[in-house]
1. Keeping to segment 85-110, report how many residues are in contact with a Pro (Cβ under 7 Å, 6 or more places away or on another chain) and not small (Gly, Ala, Ser).
2. Answer yes if at least one residue in segment 31-39 is over 19 Å from the mean Cα position of the chain (by Cα), open to solvent by 40 Å² or more (accessible area, probe 1.4 Å) and among the hydroxyl-bearing types (Ser, Thr, Tyr), and no otherwise.
3. Based on what the data block shows, is THR118 open to solvent by less than 50 Å² (accessible area, probe 1.4 Å), at pLDDT 50 or above and under 24 Å from LEU24 (Cβ atoms)?
4. Which one is surrounded by the fewest Cβ atoms within 10 Å (Cβ to Cβ), of the residues in segment 78-96 that are under 19 Å from GLY191 (Cα atoms) and touching a strand residue (DSSP E or B) at 6+ places or on another chain (Cβ under 7 Å)?
5. Scan segment 45-75 residue by residue and report those that are of a type outside the set (Gly, Ala, Ser) and open to solvent by less than 10 Å² (accessible area, probe 1.4 Å).
6. List the helices (runs of 4 or more DSSP H) that sit entirely inside segment 125-216 and contain at least 1 residues that are of a type outside the set (Gly, Ala, Ser) and at pLDDT 50 or above.
7. Of all residues in segment 176-207, which are closer than 15 Å to GLY49 by Cα and open to solvent by less than 50 Å² (accessible area, probe 1.4 Å)?
Amino acid sequence: MTIVFRTKEWLSLPQLVDAWGFELARVGEEPNRSQKALEHVLLEDIINGRLDHGGPLHDGRKRGLYLEFGGRPHFVDGHEIQTLMGDPSFSSHRILIMKEAVLDFAKRREIPPPSWWTDRTSVSTDAGVTTKDAHSIGASPTAAATHSARPRGLRPKKLEQVKEAMSEDIQRNQKTPDDLREMLEKDLADGYGVSRETARKARDAVLSEISPEGPKRPQGGAGCK
């Protein structure tokens with residue numbers, strides 16, 4: 001039945017959990033267990049803002065999450081959803097997740113993406129990996145060679161997203177430049193859902209733009225690993 005989702009650009013959280021969790025269930029495993037686990041990690045990433053910048057570009061910013069209000073979708077950040085979930089009347093059916101954000105989530109969590117958004121299509125994820133016809137990619141020497149030959153290292157697209165997210169956190173007074181400067185790289189990487197290298201380079205770039213003196217860190221090395 002998930003084939004009906006193929007042309008959808010987004011799904012509600014329950015729709016995604018129900019269909020994708022069923023696909024992720026191992027042979028002999030109750031789908032309900034896989035669905036509950038998927039819902040848990042999705043909500044964890046949502047409230048930590050890791051899906052905020054995973055969607056398509058809109059008004060100069062990538063948006064991965066929407067919230068349904070009055071029958072219409074509206075942009076929302078993950079931390080706002082956490083607040084709304086404290087209301088007993090809130091329904092998770094109002095949480096809408098963009099296709100691009102789902103594919104990026106699957107890449108980061110190293111799990112198979114939803115079949116309806118990968119089979120017989122070409123989808124470029126935020127990580128820069130293109131999947132063509134999931135049923136035949138394993139048998140395609142060309143596809144395998146392209147994937148293995150992709151240069152490793154920093155992903156400019158992800159770097160720009162993290163820089164933007166850090167700048168917005170400062171503008172919204174959620175963090176100060178000193179907060180950003182003094183964060184451990186591990187905490188920084190976890191908070192923005194990227195590698196330590198990407199987090200470090202994004203922080204250095206943001207702090208350099210704020211202060212002409214550059215991204216100086218305390219003598220104690222609080223910003224190091």
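The values are calculated or read from the model by the stated rules, or taken from the named source; none is laboratory data. Worth saying up front: this structure is predicted, and the values here are computed from it rather than measured. As a convention, Cβ positions derive from the backbone with ideal geometry for all residues, glycine included, and neighbour counts pool all protein chains shown. When the accessible area is computed, the model is the full protein with side chains, heavy atoms only, and any ligands, DNA or RNA have been set aside. Shrake-Rupley method; radii C 1.70, N 1.55, O 1.52, S 1.80 Å.
1. Filtering segment 85-110 down to residues in contact with a Pro (Cβ under 7 Å, 6 or more places away or on another chain) leaves 92-93, 96, 98, 100, 102-103, 106.
Going one step further and asking which of them are not small (Gly, Ala, Ser), we end up with 93, 96, 98, 100, 102-103.
Counting residues in segment 85-110 that are in contact with a Pro (Cβ under 7 Å, 6 or more places away or on another chain) and not small (Gly, Ala, Ser) gives 6.
2. no
3. yes
4. Applying the filter and picking the extreme gives GLY78.
5. Residues satisfying the conditions are ASP45, ILE46, LEU51, LEU65, LEU67.
6. Details: elements: 141-148, 156-171, 177-182, 185-192, 196-210.
The qualifying helices (runs of 4 or more DSSP H) are 156-171, 177-182, 185-192, 196-210.
7. If the condition is that a residue be closer than 15 Å to GLY49 by Cα and open to solvent by less than 50 Å² (accessible area, probe 1.4 Å), then LEU188, ALA189, GLY191, TYR192, GLY193, VAL194, ALA199 are the ones that fit.
For (1) free of Cβ contacts under 8 Å to residues at least 60 places away in the same chain; (2) touching a Gly at 6+ places or on another chain (Cβ under 6 Å), each residue gets a yes or a no:
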| position | (1), (2) |
| --- | --- |
| ASN48 | no, no |
| LEU57 | yes, no |
| TYR66 | yes, no |
| GLY71 | yes, no |
| SER89 | yes, no |
| GLU100 | yes, yes |
| LEU103 | yes, no |
| LYS107 | yes, no |
| ILE111 | no, no |
